[in-house]
Amino acid sequence: MNYLLFTVFASGLTTLAIEMAASRLLGAVFGTSNLVWASIIGLILIYLTAGYFIGGRWADRSPNYKTFYTILAWGAFTSGVVPFVSRPILRMAATAFDHLQTGVLFGAFTTVLILFVIPITLLGTVSPFAIRLALKDANRAGEISGRIYAISTLGSFVGTFLPVLVLIPLIGTTLTFVAFAGLLLLVALAGLWLFAGKRAALAWAWMPLVLALLAVLWGRGSIKTTAGQIYETESAYNYIQVLEMDDYRYLRLNEGQGIHSVYHPSQLAYEGTWMQALVAPFFNSPPYRSQDVESLAIVGLAAGTTARQATLAFGSIAIDGYEIDPEIIRVGQEYFAMNQPNLNPIPQDGRWGLAHSGKEYSFISIDAYRPPYIPWHLTTREFFALVRQHLTSDGAMVLNVGRTPEDEKLLAGLAATIQTVFPSVYVMDLPYSYNSMIYATVQPTQAENLILNYQAILGEEQPSSTLLHALELTIANLRPVPEGGRVFTDDKAPIEWITNNMVLEYVLAGGE
């Protein structure tokens, strides 16, 4: 009975570990949106449902330990081979994702999820089968079934955290599959040895040997084979990829549809949203000069491009950069020269970090958005009130947000939310992109201030050409603040609904 209960624990552990590892297997190619998570969780629940039904009937027809542990061995083995079978499919999908080939993507996503049918269904048979084997007295049916489901759930609890926090960052997704599958396979073979004899166990002894061989030969293979790739790794939060093209380095995360940072050893101006963040304080009343900027906080530091641009424009001002993933900080320091002495990288969630900071800043840049990956808690009225609390009396905020030509609901909602906290809000559309910058100031200000401050900076002895260019682009591309947006609060912020609709409608309409 004790070994049977241990088996149930190991099965629950492996089932949830496989589910968590499956999210990382798919997340590196298809992203980690709630649509991806819902697909994984939903289909795995369907497979488990089938397993419960099949396991109950199977146990009644063949209520013996040999059948039970043989099923378990096959469930473990097929779980371990999933990442190897899926690898060529996922690499093909990664290429298709770079070109937004939706038909190929849908087919690859469906195929990989189907690969989990056999292992998860077999693992789903464990609990009802174990109850049938343990049940000797009908009067104890409730006690026995409750104990087995409790121990299985306890294993699932451990399996939720162990792969994400320990094994995936340590050995990668593929070997995490192998580790848990191998553990469960050893439990199954030991059970066969104990309850059915040595011969029954040796009949399946080839299974761990095959998994070990696969791990040795292909366990450390690259996840993607993107042109220009010089580094990739997995952290507790992300799949991280560094590309190098024409001496430029680019940081991509997960499915790679966004460039989160860029670096060149000698080229210091990178255009884009990083440069446009510099404009925020210059909506203040003139004369406001570059030397008036004393400090900056960045929520969404990534590999430090915004910090590099700010140092170029304002000198060695104090910069706090909040980045939730410490592995991204390490990659930034190693591959993107993110080693400015004035930059303090902080491995914390931006909202939590600001809430526990006693500092005030000249301006705060929020660059943690990319549809559909927008942390909803960084979009609410309460969050923007927190941002305002950490700005100086003439402080400003800048927010980078995505949109599509036909859908500005996210932009309008954020603008409406920010207007409940800040007296003056401005919007500019970044040319040749689907990004808009939202600026907000602590003091009531006017858009005309931007032109007057631009003229004042022109008169400085050595004005920053990067800052001047950013001001010129903003002045030329300011637009009316969109109206009619819904205000987001901590109680109600349907960000996923808005971003999922935005992305799906755009892709299905043939957007590139």
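The values are calculated or read from the model by the stated rules, or taken from the named source; none is laboratory data. None of the values given here were measured: they were computed from a predicted structure. Heads up, the Cβs are rebuilt from the backbone with ideal geometry, glycines too, and the neighbour counts pull from every protein chain shown.
Numbers below:
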quantity	calculated
Residues within region 176-195 that are in contact (Cβ under 8 Å) with a residue 24 or more places away in the chain and surrounded by 18 or more Cβ atoms within 10 Å (Cβ to Cβ), tallied	13
Complete set of residues in region 13-41 that are surrounded by fewer than 21 Cβ atoms within 10 Å (Cβ to Cβ) and more than 18 Å from the chain's Cα centre (by Cα)	none
Filter result (over 24 Å from TYR3 (Cβ atoms) and more than 32 Å from the chain's Cα centre (by Cα)) within region 42-56	PHE53
Selection status of GLN309, modelled with pLDDT under 95 and touching a Lys or Arg at 6+ places or on another chain (Cβ under 8 Å)	no
Members of region 436-454 that are assigned to a helix (DSSP H, G or I) and free of Cβ contacts under 8 Å to residues at least 24 places away in the same chain	GLU448
Condition check for VAL427: aliphatic (A, V, I, L, M), assigned to a strand (DSSP E or B), surrounded by 14 or more Cβ atoms within 10 Å (Cβ to Cβ) and without any contact (Cβ under 8 Å) to a residue 60 or more places away in the chain	yes
Close pairs (7 angstrom Cβ cut-off, 6 or more residues apart or separate chains): closer than 14 Å to PHE84 by Cβ in region 212-229, modelled with pLDDT under 75 and among the hydrophobic types (A, V, I, L, M, F, W, C) anywhere	ILE223/ALA28
Test result for ILE495, modelled with pLDDT of 90 or more and more than 27 Å from GLY315 (Cα to Cα)	no
Residue selected from region 53-64 under the condition under 10 Å from GLY124 (Cα atoms) and touching a Ser or Thr at 6+ places or on another chain (Cβ under 7 Å), by the criterion surrounded by the fewest Cβ atoms within 10 Å (Cβ to Cβ)	ILE54
Of all residues in region 325-335 being of a type in the set (A, V, I, L, M, F, W, C) and crowded, with 22+ Cβ neighbours inside 10 Å, the one that is farthest from ARG351 (Cα to Cα)	VAL331
The lone exception for THR420 - which of (1) in contact with a helix residue (DSSP H, G or I) (Cβ under 9 Å, 6 or more places away or on another chain); (2) crowded, with 18+ Cβ neighbours inside 10 Å it fails	(2)
Subset tally (residues that are buried (at least 16 other Cβ atoms within 10 Å of the Cβ) and in a loop (DSSP other than H, G, I, E, B)) for region 204-234	5
Of all residues making up region 385-408, the number that are modelled with pLDDT of 95 or more and either not in a strand (DSSP E or B) or not assigned by TED's automatic domain parsing to the domain that holds PHE282 (or both)	6
Residue match in region 336-345 (condition: surrounded by fewer than 24 Cβ atoms within 10 Å (Cβ to Cβ), under 20 Å from PHE384 (Cβ atoms) and over 26 Å from the mean Cα position of the chain (by Cα))	no
Residues located in region 124-158, provided they are without any contact (Cβ under 8 Å) to a residue 40 or more places away in the chain, part of a helix (DSSP H, G or I), exposed (fewer than 15 other Cβ atoms within 10 Å of the Cβ) and not aliphatic (A, V, I, L, M)	ASN139, ARG140, GLY142, GLU143, GLY146
Residue within region 314-330 that is among the hydrophobic types (A, V, I, L, M, F, W, C), over 29 Å from GLU234 (Cβ atoms) and modelled with pLDDT of 95 or more present	yes
Tally of residues being of a type in the set (A, V, I, L, M), in a helix (DSSP H, G or I) and over 26 Å from the mean Cα position of the chain (by Cα) across region 409-424	1
Extreme residue, surrounded by the fewest Cβ atoms within 10 Å (Cβ to Cβ), among residues of region 363-393 that are over 27 Å from TYR434 (Cα atoms) and either in contact with a Ser or Thr (Cβ under 8 Å, 6 or more places away or on another chain) or of a type in the set (A, V, I, L, M) (or both)	THR392
